[in-house]
């Protein structure tokens, strides 16, 4: 009986450990300070057991790409889930006809349940899941996932886009992540922006030659 009791205790402990999930102890998120995306506020709400939560932000986008940089701390490495929600106002000088969201993370992760809540007729047209770490660029060593958002109704200057998605991650107890957001202008506006860039470049070159 004693041996059976010991085996039952050991089995119960192993079962509980193998099925338990980590809790989120903290999560922070803010813009990177370059002025492209200016965050006004962030808010973290956790579930009762802290095994899941929502981290929300509101900000103004002046140009792209813009970046939100964050950290997550957990009690272990077993699959907590965090929903990232963004509300971003168009403060650029052009109408948005598409929107690209890149997510970079220091460990492997999955990105699920992504959807646009505003404007109502926008949608997620494609999702690229992370496969292997990036080998070059500013996010070398991180894993990358991409969401492509499409209209619907284009978003004018002063308009807003709201979207959210879930991150499930594992393999560590501290995680670094970045959300990169890139608005896409109308084709005609894109041509004007390209021409403005060329004229600016020519002007700078002419001043240097004087």
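The values are calculated or read from the model by the stated rules, or taken from the named source; none is laboratory data. Since the model is a prediction, treat every value here as computed from it, not as a measurement. Backbone-built Cβ (ideal geometry, glycine too); neighbour counts: all protein chains shown.
Please verify whether residue 137 is surrounded by fewer than 14 Cβ atoms within 10 Å (Cβ to Cβ) and more than 13 Å from the chain's Cα centre (by Cα), treating the condition exactly as stated. Judged against the criteria, residue 137 is a match. For segment 42-59, the set of residues classified as within 26 Å of residue 182 (Cα to Cα) and crowded, with 17+ Cβ neighbours inside 10 Å consists of 42, 53, 54, 55, 56, 57, 59, listed by residue number.
Take the conditions at pLDDT 95 or above and at negative phi and apply them to residue 68. Does it pass? Judged against the criteria, residue 68 is a match. Go through segment 164-194 residue by residue and tally those that are out of contact with any strand residue (DSSP E or B) (no Cβ under 7 Å at 6 or more places or on another chain) and either under 21 Å from residue 91 (Cα atoms) or modelled with pLDDT of 95 or more (or both). Residues that pass the stated criteria total 7.
Within the bounds of segment 96-115, is there any residue that is in contact with a helix residue (DSSP H, G or I) (Cβ under 9 Å, 6 or more places away or on another chain), loosely packed, with under 14 Cβ neighbours inside 10 Å, touching a residue at least 40 places away in the same chain (Cβ under 8 Å) and farther than 18 Å from residue 166 by Cβ? Within segment 96-115, not a single residue is in contact with a helix residue (DSSP H, G or I) (Cβ under 9 Å, 6 or more places away or on another chain), loosely packed, with under 14 Cβ neighbours inside 10 Å, touching a residue at least 40 places away in the same chain (Cβ under 8 Å) and farther than 18 Å from residue 166 by Cβ.
Within segment 71-88, track down each residue that is over 30 Å from residue 154 (Cβ atoms) and in a strand (DSSP E or B). 71, 72, 73, 74, 81, 82 - these are the residues of segment 71-88 that are over 30 Å from residue 154 (Cβ atoms) and in a strand (DSSP E or B). Residue 203 satisfies every condition listed in (1) surrounded by 14 or more Cβ atoms within 10 Å (Cβ to Cβ); (2) over 18 Å from residue 151 (Cβ atoms); (3) at pLDDT below 95 except (1).
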